[in-house]
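Undergrad: Pasting a structure below so you can have a look.
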């Protein structure tokens, strides 16, 4: 019980600590900025939750974000409406998520290796296609997605809540969610139980890719450019958010609420470091240490359960 509450208690402690440490933390501008900055990682982490619950992992999400954002903004630059450009970005993310799932299932190679390979492929193709240059001159209305407000709240917050609700419904109330937990808990048992393991594995990667595509469009909207180098290092933050929130890298465990808490912890850590003038290099070290600690706690818990 305590372990499940630990991420939530950590989030509260971090919030209170930053409120005391910096007078600029509890301002409307700063909190709105945190919500916007965290939304991208949050939405990507929701997709990663599905993948990790099913016993997989995706190291290519940062590259997919860059590819999707670039393709969507390039479509707008060529004259397509904003909505059509958004669909292009979502489709690009879906395509690479589907490719990751199919390669993992068909080649029967560990997802760590597959997505490490596609990370390089996607990054390389994005840079080749873009020539290393960003897309600029986007429609002004596109900025509403990343920087707009509705009823005094950031638009991205509404999108995040919608994505979180849909992901929660998938995990808790659909066959895909139940099968994802079963596959992640014991893949062989899932096969012998008659679960279409290959189909559902591909499905979770495809959904994750589409959510990453949406995150890529939000990132492009915030910057008002399609950056071919965007998302570098995001895969580490996304995986950390899921693990901090109670997801297990062994599969079979994870929740939407836990992931959201984990992502907000990451966002507050980054924001707090900026407010307090702490080097971003130290932030990287902290993220790595947090991942190791979270996985260590998970392994210790499992060993105690096995002994019991």
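Just so it is clear, none of the values below were taken in a lab; they were calculated from the coordinates. All of these numbers come straight from a predicted model, not from anything done at the bench. Methodologically, a virtual Cβ is constructed for each residue, glycine included, from the backbone with ideal geometry; neighbour enumeration extends over all protein chains shown.
Undergrad: What list do you get for 235, 188, 219 if you sort them by fewest beta carbons within 10 Å?
TA: Values: 235 24, 188 9, 219 28.
Ascending number of Cβ neighbours within 10 Å: 188, 235, 219.
Undergrad: Also, I was wondering about something else. Using only helices, what value at 222 nm comes out for the chain when you add -39,500 (n - 2.57) per DSSP H run of length 4 or more and divide by the total residues, to the nearest 500 deg cm²/dmol?
TA: -26000 deg cm²/dmol
Undergrad: If you don't mind, there's one more thing I want to ask. Which one, (1) 139; (2) 130; (3) 281, gives volume of the Cα convex hull per residue in Å³ as derived from the coordinates shown?
TA: (1)
Undergrad: Moving on. When the chain is treated as a GNM, springs tying every alpha-carbon pair under 10 Å, which of 267, 216, 233 comes out with the largest mean-square fluctuation?
TA: Sorting by GNM fluctuation, first place goes to 233.
Undergrad: Related question: Using the count of nearby Cβ atoms within 10 Å as a rough guide to exposure, how do 179, 158 rank from fewest to most?
TA: The fewest-first ordering by Cβ neighbours comes to 158, 179.
Undergrad: Listing 25, 144, 94 from the residue with the fewest other Cβ atoms within 10 Å to the one with the most, what is the order?
TA: Final ranking by Cβ density, sparse to dense: 144, 25, 94.
Undergrad: Quick one: Cα centre-to-centre distance for the stretch 1-76 and the stretch 229-257, in angstrom?
TA: One Cα centre to the other: 9 Å.
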